[in-house]
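Quick notes on the structure that follows.
FYI, it's all coordinate maths here, none of it is from the lab. From a predicted model like this one, the values you see are computed outputs, not experimental measurements. Cβ atoms come from the backbone with ideal geometry, glycine included; neighbour counts cover every protein chain shown.
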């Protein structure tokens, strides 16, 4: 083409303006600039820091668990100090005689193999195998409760915002703020006391554990039903403690999104209400909630300790409390570490999801897209 | 047969202090293929009128009376009496609107192509390929590279490009009327120029009628066939472009033109209009321009003057002192107002 149209000129100017910056980024390596790489690196760093803190914690625990264990072994089994120390260090997977930095690197090396040491109480059982037998139940209950509350909360918040100042709006938002201000353990206790003990509507004793003992695990309707039966109370509590948050956040995010210029333009374009609500209002309103979800996921795993205790649900929280009571230090340490890793992974997923949902954050596929 | 004829349209906003009469008794016709410019300062009711025409006013607004008759070539109907679904179909297909805020006019989380497709689908263009072909054609017309634009998200395009995309999108369904609400306000001067040239070109090619809302008189003068001056929600003068620029008869039109700086003029030649627009909740008695008007007399307080023909039958002004205005301008110089715009 002989002539340059204004649009082409504009394009050229923009390209020129952008090129020095993109060149610098290009030198750093395109891969490192990508949000997905950054998010994964961040997650790995967090896991590393957490494991280091855990390592330090074993040494800072009151009464030095290793020394206590050595004493205990010497007293109980009449072992010599050397034998007892060897046994204790085996349990912790730490060579107590090595200098501290060597112990640290050995610990990290073992971690990298998924080796968290052995349980004190059940000899020969690795901490990892214990965690793997309880962690999925917690993740299942917490995840189900959170996801249910998230999707229902989003729907209710959206409807409330669309019908601002209607009876439904007032009912939903007032209900949401009341329920979100009640702590989860209180709700759990009330369920046990009122529906379980006073009214006897819920067979709380039968619902203990993650599933009925004796049932064959597998993808059978009976087993899945049984799992849901046992998990239903924790799920209810996780659901109730979060639904208010999602309703209120979604309601205000939707009200803000409705004021956006592009929503007015979408109306002028004659788009259907359904399309505007989902793709133009809802999708933009839900963005801030995705990062909130990641934060909530972290907090709720911590909160699960008490809830599982109340319902005697066979999850990681119940096991953690037991390990604390029984001074099973390697198990404690492992549970804390693995729980943190799960939360970090949840955050990572939220991060990646966010960058997919909001192209302004940066596209995982690279800057030029398709 | 005008494509759009507005009769006695009045729109008010409910506020705590009382109703704000943003648009009062507005009457005008828009002929097929014609460009009508609506000028006035901020708060004169221009934008309320523009969004009112496609019934997109905020919830607090209410049309208190009037009629907006649209003729789609086969039959005429009153836009105000359409039900929700027919109104939705009317928007964009019959009357599209290019907004002032083109920078934020697009959904930030979906690509431009999806937004074109949404627009087409909402109006029964079920076939993807039809939408795609038409979109490519229009993007070519607005001098954009379809390949680059369609895969882009809004934030990846410059302000001028987004404004072009919005103009292309406005033409997707071949509307008979396009409302342009200050389409160049947010853009730099070079981009403004390019957009104006583009609009002129498109109008010539496609033959749609345009309502051009602007406070920029020079741009309005370039594009428009006829002009309307609005003040305090009312039309105070209506004329073809030449008459309004060379022979304004309402003191407010004169004031607006004096307020425009000219490239060749001395610095002192820009005169702003003293005072500010009246409170639209408690309108003053008589002519609402009275407090700011250099030509005012006692009589002006008696009633809000109606539009009356001045000079020629096509030229109307709502001023009882129009002859004094004409005399003042005529004795001053040959064409003191238009000269500023040269």
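Okay, here's what the table says:
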quantity	calculated
Chain B pair-distance distribution - Cα-Cα, 10 Å bins, rounded %	5, 24, 32, 24, 11, 3, 0
Helical mean residue ellipticity (222 nm; -39500 (n - 2.57) per DSSP H run of 4+; nearest 500) of the protein assembly as shown	-17000 deg cm²/dmol
Antiparallel content of DSSP bridges confined to the protein assembly as shown, in %, to 5	65 percent
Between helix B:128-141 and chain B: long-axis angle, C-alpha atoms, 0 to 90°, nearest 10	50 degrees
10 Å Cβ neighbours from other chains, averaged over peptide B:187-197	1
Base-10 log of normalised Debye intensity for segment B:137-189 (one unit scatterer per alpha-carbon) at q = 0.15, 0.20, 0.23 Å⁻¹	-0.43, -0.75, -0.96
Percent of beta bridges antiparallel (DSSP, segment B:4-224, rounded to nearest 5)	55 percent
Estimated distance in nm for a label pair at residue B:75 and residue B:15, the labels positioned 7 Å out from Cα along Cα-to-Cβ	4.1 nm
Angle between chain B longest axis and helix B:189-206 axis [Cα atoms, degrees, rounded to 10]	70 degrees
Kirkwood-based shape ratio for segment A:212-267, expressed as Rg/Rh from alpha carbons	1.38
Rounded tilt (10° steps) of B:159-170 against the dominant C-alpha axis of chain B	80 degrees
Over the protein assembly as shown: Kirkwood hydrodynamic radius from C-alpha pairwise inverse distances, Å	31.3 Å
Label-point separation, residue B:297 to residue B:276 (7 Å along Cα→Cβ), nm	3.2 nm
Per-selection metrics, segment A:127-360 (Cα): Rg and Dmax in Å	20.3, 67
R0 of 51 Å, Cβ-Cβ distance residue A:165-residue B:327: FRET efficiency to nearest 0.05	0.35
Share, in percent, of DSSP beta bridges within segment B:174-283 that are antiparallel, nearest 5	55 percent
Förster-model FRET efficiency, 56 Å R0, residue A:52 and residue B:206, C-beta, rounded to 0.05	0.25
